Amino acid sequence: LTDASQSLGGWHRASAGLAAGTGSAEAVGRVRHRVRVPLFSAIVALSHPIGEAVGLDAFTVSGGGSPLWFAARSQSKPGVPRGAAECWTLVSTADYAVRQIQETPMQSPSGAFRPQEDSYLLSEPGPALFDALLAAVAPRLAAASVPLPAAVYMHAQRWGSALPSPASVFGRDADGAHKPLGSAASEAVEVCGIRYAPRLPPLVYDPPARTIGQGPAEELRAIEGVDDGGSPDADAADAVECGGGLFYAGDFCSRRNPGFEAAALSGAAAAALLLQRRGESLEDVSRKGLGSVSRGGESASATLPRPAVATSLAAARAAADRLGEAAEAAGAAGEGRAPA
């Protein structure tokens, strides 16, 4: 299982039905109760290009109460065709997303799941993000004598579980809930039994010390969720065993940086849990062979050599570290703005 919404009750369309009858309430609850950072996103095609006048391929917006957090000119991304119109991808702030979810929750008054519909997305979030884009670029367009564009196409989406709130860092608990200094109440906002973070927390950080390995062997042990005494540590693991042969993987299971790092290492952790059921470990795999795997009822040899597993994990960690360093440098250069 990889979708955080699969942990929710039967009312949600993505529910995997894990709420009852699996004997895994505690394990599934680790995902279900994780505080979510919601976002809205939109794409707009413009009546005329503005990229040259704006002079930026992407930017973030800070302060001023704007609902817009991040904007990127789609054609600036490698491999994206120019197309007939210039397009921009827009991402909202968490505060705006929480307010929208409070006004239009995912459950109807009868308790039924409320799907995303264009009649709502293109009348509220989409236009709000487009108007915020225009407000952000208006001074640069005016200086270049370029008129404000119209939107010739628009699509928007609610991203209710965009990111997990960091857990066990920045004063947050294991669920990612944060109580501001001097306050007894969590700042998380609960809607339909789901807790949301109204502010985008720092997304680049050192995970709790127990999950950081000092070398290949230690890193493999950390991924497997084994504590210093050699016993499994469910809280430190990056994946969750739900029982009944089911496993949860993804950044909502992990205490590492949300996104690439947590998701990749959570997948490795799920593999480690499966191997443990076979009496093996990732360290064993890195030394020996992947052996045979079952494909459609037939036995076949895996093509990935075992040493490549440890190499791939080390490369993933190194890449994540470089991404973290680059993001920190970008944040410093942008005077504390969220790194793109």
Residue list for the range 127-176, restricted to those being at pLDDT below 95 and touching a Gly at 6+ places or on another chain (Cβ under 7 Å):
P164, S165, P166, A167
I need a count of the residues in the range 28-54 that are in a loop (DSSP other than H, G, I, E, B) and under 24 Å from D95 (Cβ atoms).
3
Go over the candidates S123, S119 one by one and state the one that is assigned to a loop (DSSP other than H, G, I, E, B), of a type in the set (G, A, S), open to solvent by 30 Å² or more (accessible area, probe 1.4 Å) and more than 24 Å from L200 (Cα to Cα).
S123
Just one of (1) buried (at least 20 other Cβ atoms within 10 Å of the Cβ); (2) within 22 Å of the chain's Cα centre (by Cα) trips up E86, so point out which.
(2)
Does at least one position in the range 224-242 carry a residue that is at pLDDT 75 or above and out of contact with any helix residue (DSSP H, G or I) (no Cβ under 9 Å at 6 or more places or on another chain)?
no
Every residue from the range 100-115 that is farther than 20 Å from A197 by Cα and surrounded by fewer than 15 Cβ atoms within 10 Å (Cβ to Cβ):
S108, P109, S110, G111, A112, P115
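Mind listing whichever residues of the range 71-116 are in a strand (DSSP E or B) and either out of contact with any Phe, Trp or Tyr (no Cβ under 8 Å at 6 or more places or on another chain) or within 24 Å of P149 (Cβ to Cβ) (or both)?
A71, A72, R73, C87, W88, T89, L90, V91, S92
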So is S62 closer than 30 Å to P139 by Cβ, in contact (Cβ under 8 Å) with a residue 40 or more places away in the chain and touching a Pro at 6+ places or on another chain (Cβ under 9 Å) or not?
no
Restricting attention to the range 37-56, the residues that are under 20 Å from Y153 (Cβ atoms) and more than 20 Å from the chain's Cα centre (by Cα) number exactly 9
Residue that is surrounded by the fewest Cβ atoms within 10 Å (Cβ to Cβ), among those in the range 240-256 that are of a type in the set (G, A, S) and not in a strand (DSSP E or B):
G245
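Every residue, every condition in (1) touching a His at 6+ places or on another chain (Cβ under 9 Å); (2) open to solvent by less than 50 Å² (accessible area, probe 1.4 Å); (3) under 30 Å from G10 (Cα atoms); (4) in a loop (DSSP other than H, G, I, E, B), yes or no:
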site: V169; (1), (2), (3), (4): no, yes, no, yes
site: A184; (1), (2), (3), (4): no, no, no, yes
site: E190; (1), (2), (3), (4): no, no, yes, no
site: R195; (1), (2), (3), (4): yes, no, yes, no
site: P198; (1), (2), (3), (4): no, yes, yes, yes
site: P202; (1), (2), (3), (4): no, no, no, yes
Is it the case that some residue within the range 133-144 is open to solvent by 40 Å² or more (accessible area, probe 1.4 Å), free of Cβ contacts under 8 Å to residues at least 12 places away in the same chain and within 16 Å of H48 (Cα to Cα)?
yes
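The values are calculated or read from the model by the stated rules, or taken from the named source; none is laboratory data. This structure is a prediction, so every number in the text was calculated from the model and none was measured. No Cβ is skipped: glycine too gets one built from the backbone with ideal geometry, and neighbour counts run over all protein chains shown. Just the protein is used for accessible areas: all its heavy atoms, side chains included, with ligands, DNA and RNA removed. Shrake-Rupley method; radii C 1.70, N 1.55, O 1.52, S 1.80 Å.
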